[in-house]
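What follows is a short report on a single structure.
The values are calculated or read from the model by the stated rules, or taken from the named source; none is laboratory data. Predicted, not measured: the structure shown is a model, and the values here were computed from it. So basically every Cβ, Gly included, is an ideal-geometry build from the backbone, and we count neighbours across all protein chains shown. Note: accessible area is taken over every heavy atom of the protein model, side chains too, but ligands, DNA and RNA are not part of it. Shrake-Rupley method; radii C 1.70, N 1.55, O 1.52, S 1.80 Å.
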Amino acid sequence: MSMWTMGIPQWCLPGNYGYTLRLAKQLGFDAVQLEFGSWEAGMALGHKRLRELYVNESRELGIRLLPLTINALGRYPVVDGLNTPDGRIARDTILASLEAAAEMGLSGVTMPSFGGNEIHTEAHYGHTVEALRFTCEKAAPMGLMVYTENVLDAAGMTQLFDDCGSDRLLLLFDSQNYSVFGRDCAVDVLNTHWHRLGDHLHVKDGGGMGSMLLGTGSSPFAGVMETLKERGYTGTIVLENGYGSLPLCAQAEDRFSLILQDMETVRKAMAK
């Protein structure tokens with residue numbers, strides 16, 4: 001039997017970020033994924049004091065910290081190049097994120113291609129490759145991995161891995177992102193690039209950008225879970241539903257009960 005674990009991102013837990021790790025532990029999670037923080041708010045984990053607090057608390061609670069996510073790229077994208085005003089902010093944020101991840105003993109960083117960082121043109125793709133190569137180059141001497149999160153199909157991901165040319169590049173798979181953008185390729189991507197998944201992946205569900213309980217939305221959740229079970233997945237399944245946001249949070253007075261429902265759904269799917 002595969003020994004998979006369960007995690008949750010910092011940005012999906014209701015409440016103040018200061019309670020992230022304790023809330024996750026109380027709910028029964030094994031791991032938490034932190035975000036580095038925004039440039040305009042001073043890049044939270046660019047501060048040594050905060051990094052030390054998270055690391056010490058994770059050790060105290062016995063909860064793992066997953067690769068650090070650079071969500072700020074959605075606002076300061078790399079798709080127009082690293083030498084634009086936004087690109088220079090993105091570059092500085094990437095470098096600071098790598099330093100933070102290394103100091104905190106994390107396994108890597110994640111670069112999402114969403115918001116203003118979505119890939120729509122050949123030029124966007126080329127600049128994304130440039131940024132991923134740059135990040136992998138800087139990550140190598142630190143012993144870090146670099147995750148790309150995007151909605152390229154299986155062939156597109158093969159091309160991206162080839163064009164980037166680095167074994168440090170991994171895929172952060174997400175069960176719903178593809179369907180949000182009208183692409184029915186999630187299970188194919190999962191199977192084709194199984195060997196480039198790294199140590200975690202995301203599951204969420206919904207209609208459009210709004211979250212719904214796992215298995216009740218438009219994502220191929222059942223097919224993804226069946227694949228994970230059949231192939232003996234041993235990484236961390238990260239629940240990325242928006243439990244503190246509408247419309248999902250309106251389904252229960254106790255928003256944390258929604259998290260517990262989704263945790264049970266994942267357990268049942270992996271036990272079938």
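Using only alpha carbon pairs under 8 Å that are at least six residues apart, calculate the relative contact order of the chain and give it in whole percent.
18 percent
Where is the GNM fluctuation largest for the chain (alpha-carbon springs, 10 angstrom cutoff): VAL78, VAL238, VAL180?
In this elastic network of the chain, the residue with the biggest mean-square fluctuation among VAL78, VAL238, VAL180 is VAL180.
Please list, by residue number, everything in the range 189-205 whose backbone N is under 11 Å from a paramagnetic label point 7 Å out along Cα→Cβ of ASP167.
Hits in the range 189-205 for ASP167 at 11 Å: none.
Return a single number: how many Lys pairs in the chain, at a sequence separation of 8 or more or on separate chains, have alpha-carbon atoms below 18 angstrom apart.
Total qualifying Lys-Lys pairs in the chain comes to 4.
Shape verdict for the range 31-72, please, from the Cα gyration tensor: rounded (a/c under 1.5), prolate (a/b greater than b/c) or oblate.
Taking the square roots of the gyration eigenvalues as a ≥ b ≥ c, the range 31-72 is oblate.
Could you pull out every residue, at least 5 positions away or on a different chain, whose amide H is within less than 5 Å of the one on SER38? Hs are placed 1.01 Å off N in the peptide plane, and Pro or chain starts have none.
MET43, ALA44
Return the sequence-ordered ³J(HN,Hα) values of the range 43-51 in whole Hz as given by the Karplus equation 6.51 cos²θ - 1.76 cosθ + 1.60 applied to θ = phi - 60°, using x for Gly and Pro.
6, 3, 7, x, 9, 4, 4, 5, 4
Taking Cα pairs under 8 Å and at least six residues apart, what relative contact order does the range 39-90 come out at, in percent?
About 24 percent, as a whole number.
What FRET efficiency comes out for the pair HIS47/ALA250, r = Cβ-Cβ distance, R0 = 30 Å, nearest 0.05?
0.30
Solvent-accessible area per residue for the chain at a 1.4 Å probe radius, Å²?
With all protein chains present, the chain gives 44 Å² per residue.
Calculate the dipole size of the chain relative to its Cα centre from +1 charges on Lys and Arg beta carbons and -1 charges on Asp and Glu beta carbons; express the result in debye to the nearest 20.
Charge dipole of the chain: 660 debye, to the nearest 20.
For the range 119-161, taking Cα atoms only, what is the radius of gyration to one decimal and the Dmax to the nearest whole Å?
In order Rg, Dmax, the Cα atoms of the range 119-161 give 11.2, 32 Å.
Please report the base-10 log of the normalised intensity I(q)/I(0) for the range 1-108, using a Debye sum with one equal scatterer per alpha carbon and no solvent, at each q in 0.18, 0.19 (1/Å).
Result of the Debye calculation: -0.87, -0.95.
Which of these, LEU152, LEU68, LEU21, has the largest mean-square fluctuation under a Gaussian network model of the chain (Cα springs below 10 Å)?
LEU152
How high is the FRET efficiency from ALA271 to TYR17, r the C-beta distance, R0 30 Å, rounded to 0.05?
My answer for the efficiency is 0.40.
I need the semi-axes of the equivalent ellipsoid of the range 125-193: take the C-alpha gyration tensor, multiply each eigenvalue by 5, square-root it, list largest first in whole angstrom.
In descending order the semi-axes read 23, 12, 10 Å.
With a 1.4 Å probe and all protein chains left in place, how much of the accessible area of the chain comes from carbon and sulfur atoms, in whole percent?
On the chain, the fraction of accessible area on carbon and sulfur atoms equals 51 percent.
When the chain is modelled as a GNM with alpha-carbon springs shorter than 10 Å, which of GLU60, GLU149, GLU230 fluctuates the most?
Among GLU60, GLU149, GLU230, the largest GNM mean-square fluctuation belongs to GLU60.
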